[in-house]
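**Student:** Dropping the structure in here first, questions after.
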Amino acid sequence: MSAPTTIEVTPARTLVDGSFFTRLSSRIATANSLDTELADRIADQTLAYLAACAQKQPGTGTLSPSPTVDLGLHEFLQYTEPYDRFFEDHGWEKVHHHPFDRPERTYESAAVILERTTRAIEAAGYRLDAELWAASSVSCGGDDSDGQPGDPLPCGDHG
């Protein structure tokens, strides 16, 4: 009988230069009043999420970040050149931001989308920080959207 095969998972932070990872994490921490450890975790999961989006197969369905991971995505989008280079360096098509804000469209539940997203991250070989994906919404601004005027727009598909 052979031993079970262990699949190594990759920290997504290895997808970018270490100095840029530190810069991105610092921006996440500063912009959101977070400690360094949490900001590092968010930065790592942001990169894992984007890598999974860039590598998803046609027909996979919508992927979206949790509200916590979305903090990192929005900060990464501020760095337009490194953001573009992230995809170019890996030979991936750039992942665009598509908010869930079309009133004529019905969207899947957050539970379905987040489950699909976390499976895609793991299938792509990246370490999943499950605590950062535990959410009940996919809102860009947190879990408090009740559809009232002034609420943040739902974040949407990026892949």
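Laboratory data are not the source of any read-out in this text; all were calculated from the coordinates shown. Bear in mind the structure is a predicted one, so any value in this text is a computation, not a measurement. As a convention, Cβ positions derive from the backbone with ideal geometry for all residues, glycine included, and neighbour counts pool all protein chains shown.
**Student:** Over all distinct alpha-carbon pairs, what is the Kirkwood Rh of segment 16-117 in angstrom?
**Tutor:** About 14.5 Å, per the Kirkwood formula over Cα pairs.
**Student:** Any idea what diffusion coefficient segment 53-107 gets from Stokes-Einstein, in µm²/s, Kirkwood Rh on alpha carbon pairs, 25 °C, 0.890 mPa s?
**Tutor:** 190
**Student:** Here's another thing I want to ask about it. Which residues in segment 117-134 have a backbone N closer than 19 Å to a point placed 7 Å from the Cα of residue 92 along the Cα-to-Cβ line?
**Tutor:** So the set is 117-130, 132-133.
**Student:** If you take the beta carbon distance between residue 19 and residue 57 as r and set R0 to 30 Å, what does 1/(1 + (r/R0)^6) give as a FRET efficiency, to the nearest 0.05?
**Tutor:** 0.40
**Student:** Please grab the % of Cα pairs in segment 12-76 that end up more than 21 Å from each other.
**Tutor:** Result: 22 percent of Cα pairs exceed 21 Å.
**Student:** Label residue 85 and residue 122 with points 7 Å out from Cα along Cα→Cβ: what is the distance between them in nm?
**Tutor:** Reported label-point gap for residue 85 and residue 122 is 3.4 nm.
**Student:** Under 5 Å between amide H atoms, partner at least 5 residues away or on a different chain: which partners does residue 10 have, H built in plane at 1.01 Å?
**Tutor:** It is 126, 127, by chain and number.
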